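**Student:** Before I ask anything, here is the structure I am working with.
The values are calculated or read from the model by the stated rules, or taken from the named source; none is laboratory data. Note that the coordinates shown come from a computational prediction; the quantities given were computed from them, not determined experimentally. Cβ placement follows ideal geometry from the backbone for every residue including glycine, while neighbour counts extend to all protein chains displayed. Just the protein is used for accessible areas: all its heavy atoms, side chains included, with ligands, DNA and RNA removed. Shrake-Rupley method; radii C 1.70, N 1.55, O 1.52, S 1.80 Å.
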Amino acid sequence: MKVLVTGGCGYIGSHTCVQLMQAGITPIIIDNLHNSSELVLQRIAKFNAGTPTFYEGDVRDRKLLQQIFSEHIITAVIHFAGLKAVGESVQQPLNYFENNVHGSLVLADEMDKAGVKSLLFSSSATVYGDPDVVPITESTPTGGVTNPYGRSKFMVEECLKDLYASDPSWSITLLRYFNPVGAHPSGYMGEDPQGIPNNLMPFIAQVAVGRRESLAVFGNDYETKDGTGVRDYVHVMDLADGHIAALNAVGDKAGLHIFNLGTGEGSSVLEMVDAFSAACGKPIKYDIQPRRSGDIAQCWADTEKARQQLNWVATRSLKEMAEDTWRWQSNNPNGYSE
Ligand code: NAD
Ligand code: WQD
């Protein structure tokens, strides 16, 4: 079985390709390398026989999509490709809508024309905005998003719901990731952010490896266990496995399928700092700064639906998330570029 993986050179896409290949599924990757390196393909090849088939290009390139669909019998598409930096999206909203929304529409249209009607979409817990109640279930209202990136994810979800309503022969799966962290346990693959990391775990990792001086903890006056923000961090390998579970359980079933992918547990910023210190064997320097605009106090997933319907649960602990990130970061202090 061949699956088209858009954004397959990126952080979550590359780990998912490894797990797909382990499961006997052939990934065909399209990526424009906007936020990734072709070098990741050699790393993927370390775990499996051969390098995955790769098309360098953009999901908005209709001709390229037509070429791929004519050259391969594609069973399903996992759509990771997109821009994901929240702060940048505030500065460049049109770019985010163009890439994330328009890109998804072009892809869905070309899938439709090619008769490929199984799509798994990388959505985000950000579509829930600031929820009134935790844990968040899949029926928690969506749309209260606070930035253009989040709005682009919400908009694509709404477009795909309308597409399904118009043609119920589609299988559309919206996977709402919580906070993906961690790396492949081999130390060969991991997250390789360009510039200053936006997210907590890669920032901590760069402090630990000496690329950054100190972590700014954004607020310690939230109503949480220790005053710092609480999130549901999920290991990228668990997340990758979640895609295979979704492909197997619902990827061939017509329907609109929606799942939270998280652990169901919330960890604070300071708990992450402690876990990382233990993993790397040294203290992580940090100081308390004001809250970051747009941040919420806490969120974590209700994971019951994924457990029951996908037979998927995240099994990797916070300790493994920190240890695997540290192995990747310390073996590759400058990411894939060396
Ligand atoms: P990433 O930036 O590492 O990977 C995205 C990949 O898509 C990159 O390789 C990039 O080069 C490629 N790309 C971007 N625009 C493209 C286009 N128009 N055509 C072709 N390729 C394009 O990001 P990631 O962390 O792996 O995230 C993957 C997906 O999951 C994204 O859609 C993201 O919004 C979503 N998501 C990520 C997180 C997170 O915290 N990492 C959380 C929730 C949802
Ligand atoms: C986690 C916690 C921060 C950095 C973002 C997107 C979301 C999704 C996942 C894509 C918060 C604190 C962070 C730092 C800190 N991405 N923090 N110092 O904000 O939950 O979610 O990534 O879909 O859409 O919004 O993740 O890792 O940025 O922050 O104190 O330097 O760490 O305040 O409490 P977030 P994050």
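**Student:** Name every residue in region 174-190 that is touching a strand residue (DSSP E or B) at 6+ places or on another chain (Cβ under 8 Å), of a type outside the set (F, W, Y) and open to solvent by 10 Å² or more (accessible area, probe 1.4 Å), in order of residue number. First the steps, then the outcome.
**Tutor:** So in region 174-190, the residues touching a strand residue (DSSP E or B) at 6+ places or on another chain (Cβ under 8 Å) come out as 174-182.
Pick out the ones that are also of a type outside the set (F, W, Y) and you get 174-176, 179-182.
Residues satisfying the conditions are N179, P180.
**Student:** Within region 1-34, take every residue that is within 16 Å of ligand 2 (Cβ to nearest atom) and in contact with a Gly (Cβ under 6 Å, 6 or more places away or on another chain) and give me the one that is nearest to H72 (Cα to Cα).
**Tutor:** Within region 1-34, the subset within 16 Å of ligand 2 (Cβ to nearest atom) is 6-7, 10-13, 15-16, 34.
Filter again for in contact with a Gly (Cβ under 6 Å, 6 or more places away or on another chain), leaving 7, 13.
On the way: G7: 18, G13: 19 Å.
Filtering first and then ranking leaves G7.
**Student:** Something else now. Which one of the conditions (1) surrounded by fewer than 23 Cβ atoms within 10 Å (Cβ to Cβ); (2) away from ligand 1 (no atom under 11 Å from the Cβ); (3) more than 22 Å from V250 (Cα to Cα) does S171 fail to meet, given that it meets all the rest?
**Tutor:** (3)
**Student:** Which numbered condition in (1) within 20 Å of S36 (Cα to Cα); (2) open to solvent by less than 20 Å² (accessible area, probe 1.4 Å); (3) in contact with a helix residue (DSSP H, G or I) (Cβ under 6 Å, 6 or more places away or on another chain); (4) away from ligand 2 (no atom under 12 Å from the Cβ) is the only one that G103 fails?
**Tutor:** The one condition G103 does not meet is (3).
**Student:** May I ask you to list the residues in region 138-164 that are without any contact (Cβ under 8 Å) to a residue 40 or more places away in the chain, surrounded by fewer than 17 Cβ atoms within 10 Å (Cβ to Cβ) and out of contact with any Phe, Trp or Tyr (no Cβ under 9 Å at 6 or more places or on another chain)?
**Tutor:** Across region 138-164, the qualifying residues are S139, E158, D162.
**Student:** Would you please list the contacts, defined by Cβ atoms under 6 Å and residues six or more apart or on different chains, that run from a residue in region 177-191 that is on the phi > 0 side of the Ramachandran plot to a residue that is more than 8 Å from ligand 2 (Cβ to nearest atom) and open to solvent by 40 Å² or more (accessible area, probe 1.4 Å)?
**Tutor:** Filtered contacts from region 177-191: G187/R327; G187/N331.
**Student:** Further, regarding this structure: Just checking: which of the helices (runs of 4 or more DSSP H) contained wholly in region 1-93 hold 3 or more residues that are more than 22 Å from H235 (Cβ to Cβ)? Walk me through it before giving the result.
**Tutor:** Values: elements: 11-22, 40-45, 62-71, 86-91.
The helices (runs of 4 or more DSSP H) meeting that bar are 40-45, 62-71, 86-91.
The rows are residues; the columns are (1) of a type in the set (A, V, I, L, M, F, W, C); (2) surrounded by 15 or more Cβ atoms within 10 Å (Cβ to Cβ).
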{"site": "C280", "(1), (2)": "yes, yes"}
{"site": "Q289", "(1), (2)": "no, no"}
{"site": "S293", "(1), (2)": "no, no"}
{"site": "E304", "(1), (2)": "no, no"}
{"site": "L318", "(1), (2)": "yes, yes"}
{"site": "M321", "(1), (2)": "yes, yes"}
{"site": "Y336", "(1), (2)": "no, yes"}
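**Student:** Next up: Could you tell me whether region 216-229 includes any residue that is within 16 Å of ligand 1 (Cβ to nearest atom) and surrounded by 24 or more Cβ atoms within 10 Å (Cβ to Cβ)?
**Tutor:** Yes.
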